[in-house]
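Each remark here refers to the structure printed beneath this line.
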Amino acid sequence: MNKIPKEYKGLNKSQQNAVLADLGPHMVIAGPGSGKTHVIVNRVHYMVSHLKIDPSRILVITFTKAAAVEMKERFMEMPDIEPNLAARVSFGTFHATFFRMLRRVHGYRVDQLISDEERFKFLLKTMEDMNIEEEDPREYIDNFLKEMSLMRNNLIQLKYYHPEGMPQDIFNSMVNKYENYKARHNKIDFDDMLTHCYHMLNEDPRVLEYFQNNFQHILIDEFQDINRAQYEIIKLLAAPDNNIFIVGDDDQSIYKFRGARPEFLIRFPDEFQGAMETILDINYRSSQNIIKHSNNLIGNNENRYPKTMQTPNKLGNPPVIVRCNDSEDESKKVANQIVELNDKNISFNEIAIIFRTNMQARSVVDALMDMNIPFYLQDSIPSLYEHWIAKDILAYFNLSRRLTDDSSLIRILNKPKRYISKAIIAKAMQNNKHGLLREMYKVRECKPWQIDRLEELQFHLQQLRSKSPYNGVKYIRTVIGYDDFLKDYASYRKIPVSGLKEILDELQEASKGYETYEKWQSHIEDVMAELKDQNKARYNKSNNKDRSGVTLSTLHSSKGLEFQAVFILGAVEGVMPHAKSNGIDGLEEERRLFYVGMTRAKEHLYIYIPEHKYEDKTEQSRFIEEIFQAKTS
């Protein structure tokens, strides 16, 4: 590289090395805020304008449609490129690219794509046919789809895959029934776009050769998020010349649950012999202090490409550690700090609250609503109060206020088991004039010991009527025995009871501070209405730049975003790292998640440590010590 063309002189040295490199396999390790999109767009520009590569032979792959659109727009705006030439470069997501290939060879149509609604209806009917009874069928189906997708994205055969949260035989049967349904109705889903494309290329040399000629130069963004199926397809397409240019950051590989692994990026030089390597280690986003402390944290990972980020930005303030009593106290302190920042002319749009799980959003939403702080949900966060466990608890409260609330009675009648059969309920419904509870006493088949259970239920409802929401939830859990019901349910489902108990704990926490059930119910209705409006607004907006207010996001969804001020909640063991993170690999992914959260911040970073979670004492996250203490080799 003798002379730098004038249009690339604004790039830093590493960026220039990547953009102006020779053809062949090239791995660009791009840390947070290092201008990776800028590098990809300039690389395509250099290939077309200086290397004179036919733009119709260039394929740029991203993970989201928004990223693909942004890249294409930025490329079209670059100088010295004729619009008709620029338009011939292919920008698209993995799924869109592979679907176009399938359509070209097999004539696939968009209307063959199975809708979420059709798939849900079929799987719900399948559960009924298989006599699978679940408290929340949608949750069960979602878990099944997640497991099936993970299996297929990793190209694992059904007989070798072991799902979590459901028996092997049921999983196998549901997968087979679903595949048969798609085959009968000539349908495909998003995972098929990957697996069908892989088998098409792997099994037909003529088709493979056609697409290898068609896409002679491949550039891939966010390579650390690639799964096995995507990786194998790319390897096939890139051969034999291997003109493949990948950009990613192993330190930001956080989608293991989708099949992504940092190993695909780290092992790239081994898979593609002679691959060039460039590290983009200058962060233009964050202050020196944020960079320094995030480097300290991620340096504790062993399975990573060694690098140390730096920045030309000002020193700035170190991360602020805030200790608080519990999640309620945490959320109030966050809200107060946000008001202070806003008073210092930091707009709400430049502030983000980031958390590990959706459950943590509940108290934050409450605090922001109480203080009239506008907020925007980055994720479609499910309301705590729409969970079936919350519906059960609220049904007890509602029934205690109105004994003729038959829907609430049916919901909780056998939670815990009172052994009131469906036949007794059906008989009572035939002559239902005064409410099911009274009518069941009249059913001849209702035995004396069952009458005793109904009497006991009425006594509990009478006691519950006079209790505050917080004490009422405790009463339902311990005296009525709802906790025991959940243990039995978890045992039947062969799942840990801890996840179900957390829903109850969070609901009990949410009920604090309300003197009456009516006041709590009014608050619940306000929250549910706000979340409904938020979800509707998000789906109606085509561009997230239209968002208004403080952003609330999980760590997973925060990647790619940046803010003047970031608040990270719940920095305690069991939350970060999460209790479900197993082994060294799981811990390293949790550390990468925390690192992603930290590097969203430009100037202000606040990390909160609640000293209690529900009624238990917490232990500070091990990541806190790592953040403030650089690892020595």
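The values are calculated or read from the model by the stated rules, or taken from the named source; none is laboratory data. On a predicted model such as this, the values are computed, not experimentally measured, just so you know. Note that each Cβ is placed from the backbone with ideal geometry, even for glycine, and that neighbours are counted across all protein chains shown. Heavy atoms of the whole protein, side chains included, go into the accessibility calculation; ligands, DNA and RNA do not. Shrake-Rupley method; radii C 1.70, N 1.55, O 1.52, S 1.80 Å.
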Can you tell me which residue in the range 10-20 is farthest from T278 (Cα to Cα), limited to those that are out of contact with any helix residue (DSSP H, G or I) (no Cβ under 8 Å at 6 or more places or on another chain) and part of a loop (DSSP other than H, G, I, E, B)? G10
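One line per residue, one yes/no per condition, for (1) in contact with a strand residue (DSSP E or B) (Cβ under 7 Å, 6 or more places away or on another chain); (2) under 18 Å from D251 (Cα atoms); (3) open to solvent by less than 50 Å² (accessible area, probe 1.4 Å):
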| site | (1), (2), (3) |
| --- | --- |
| K6 | no, no, no |
| K9 | no, no, no |
| N12 | yes, no, yes |
| Q15 | yes, no, yes |
| L20 | no, no, yes |
| G31 | yes, yes, yes |
Looking only at the range 528-544, decide whether some residue is buried (at least 17 other Cβ atoms within 10 Å of the Cβ), in contact with a strand residue (DSSP E or B) (Cβ under 7 Å, 6 or more places away or on another chain) and at pLDDT 95 or above. no
Considering only the range 97-113, I want to know if a residue exists there that is open to solvent by less than 100 Å² (accessible area, probe 1.4 Å), in contact (Cβ under 8 Å) with a residue 12 or more places away in the chain and over 30 Å from V44 (Cα atoms). yes
Hey, does the range 53-68 have a residue that's touching a residue at least 40 places away in the same chain (Cβ under 8 Å), of a type in the set (F, W, Y), open to solvent by 40 Å² or more (accessible area, probe 1.4 Å) and over 25 Å from T311 (Cα atoms)? yes
If I filter the range 471-517 down to residues being under 22 Å from P382 (Cβ atoms) and surrounded by fewer than 15 Cβ atoms within 10 Å (Cβ to Cβ), which single residue comes out as nearest to the chain's Cα centre (by Cα)? G499
By residue number, the members of the range 559-573 that are crowded, with 18+ Cβ neighbours inside 10 Å and either more than 23 Å from E626 (Cβ to Cβ) or modelled with pLDDT of 95 or more (or both) are F563, A565, V566, F567, I568, L569, G570, A571, V572
If I ask for residues that are of a type outside the set (S, T, Y) and either closer than 12 Å to I321 by Cα or surrounded by fewer than 18 Cβ atoms within 10 Å (Cβ to Cβ) (or both), which ones from the range 608-622 would you list? I609, P610, E611, H612, E615, D616, K617, E619, Q620, R622
Filter the range 411-445 for residues that are in a helix (DSSP H, G or I) and within 18 Å of G481 (Cβ to Cβ); which is least open to solvent (accessible area, probe 1.4 Å)? I412
Cβ pairs under 6 Å, 6+ apart or interchain, first in the range 137-158 and β-branched (V, I, T), second assigned to a helix (DSSP H, G or I), ordered by first then second residue, are I141/L123
By residue number, the members of the range 141-185 that are closer than 22 Å to I114 by Cα and charged (D, E, K, R) are D142, K146, E147, R152, K177, E179, K182, R184
Among (1) touching a helix residue (DSSP H, G or I) at 6+ places or on another chain (Cβ under 7 Å); (2) over 30 Å from M309 (Cβ atoms); (3) open to solvent by 50 Å² or more (accessible area, probe 1.4 Å); (4) not in a loop (DSSP other than H, G, I, E, B), the one test that R88 misses: (4)
What are the residues in the range 623-633 that are open to solvent by less than 10 Å² (accessible area, probe 1.4 Å) and more than 24 Å from the chain's Cα centre (by Cα), if any? I627
Restricting the search to the range 350-386, which residues are within 25 Å of K602 (Cα to Cα), in a helix (DSSP H, G or I) and open to solvent by less than 40 Å² (accessible area, probe 1.4 Å)? Q360, A361, V364, V365, A367, L368
Go through (1) modelled with pLDDT under 90; (2) within 22 Å of the chain's Cα centre (by Cα) and name the single condition Y608 misses. (1)
Quick check on the range 77-84. Is at least one of its residues surrounded by 14 or more Cβ atoms within 10 Å (Cβ to Cβ) and assigned to a helix (DSSP H, G or I)? no
Run down K182, K159, K187 and say which single residue is open to solvent by 40 Å² or more (accessible area, probe 1.4 Å) and within 21 Å of F122 (Cβ to Cβ). K187
Can you pull out the residues in the range 21-57 that are charged (D, E, K, R), under 35 Å from the mean Cα position of the chain (by Cα) and either part of a loop (DSSP other than H, G, I, E, B) or modelled with pLDDT under 95 (or both)? K36
